[in-house]
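Structure record follows, encoded as structure tokens.
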Amino acid sequence: MTRDRAAFAFGVLALALAGLGLWNSYGHVDWHLVGVLAPAGMVVIGVGMLLLSRNTTEVPRKERNP
């Protein structure tokens with residue numbers, strides 16, 4: 001199964017924006033807290049994308065016959 005990194009990042013961003021919108025609709029948004037959590041979330045997403053981009057299956061090289 002292949003994992004699409006762009007879809008992962010887009011999905012996490014969409015969930016974060018939807019959560020922020022719901023939070024803003026039903027309560028008070030502490031923008032200082034959002035300013036701290038947003039960069040931390042971006043770092044977590046970046047690390048997740050790097051981990052997903054690793055090729056875990058190595059294909060053995062065929063030796064050449066001279």
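The values are calculated or read from the model by the stated rules, or taken from the named source; none is laboratory data. Everything numeric here is computed off the predicted structure, so don't read it as measured data. Positions of Cβ are generated from backbone atoms using ideal geometry, with glycine treated the same way; all protein chains shown enter the neighbour counts.
Just to be sure I understand the filter: pairs with C-beta atoms under 7 Å, separated by 6 or more residues or on different chains, first member in region 2-28 and within 12 Å of Gly48 (Cβ to Cβ), second member part of a helix (DSSP H, G or I) and of a type in the set (A, V, I, L, M). Which pairs pass?
Partner pairs satisfying both residue conditions: Arg3/Leu52; Arg5/Met49; Arg5/Leu52; Phe8/Met49; Phe8/Leu52; Ala9/Ile45; Ala9/Met49; Val12/Ile45.
Matching residues to (1) at pLDDT 85 or above; (2) surrounded by 10 or more Cβ atoms within 10 Å (Cβ to Cβ):
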{"site": "Arg3", "(1), (2)": "no, yes"}
{"site": "Ala7", "(1), (2)": "no, no"}
{"site": "Phe10", "(1), (2)": "no, yes"}
{"site": "Ala14", "(1), (2)": "yes, yes"}
{"site": "Gly19", "(1), (2)": "yes, yes"}
{"site": "Val29", "(1), (2)": "no, yes"}
{"site": "Leu33", "(1), (2)": "yes, no"}
{"site": "Leu37", "(1), (2)": "yes, yes"}
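If you go through region 45-55 one residue at a time, how many are surrounded by 12 or more Cβ atoms within 10 Å (Cβ to Cβ) and among the aliphatic types (A, V, I, L, M)?
3
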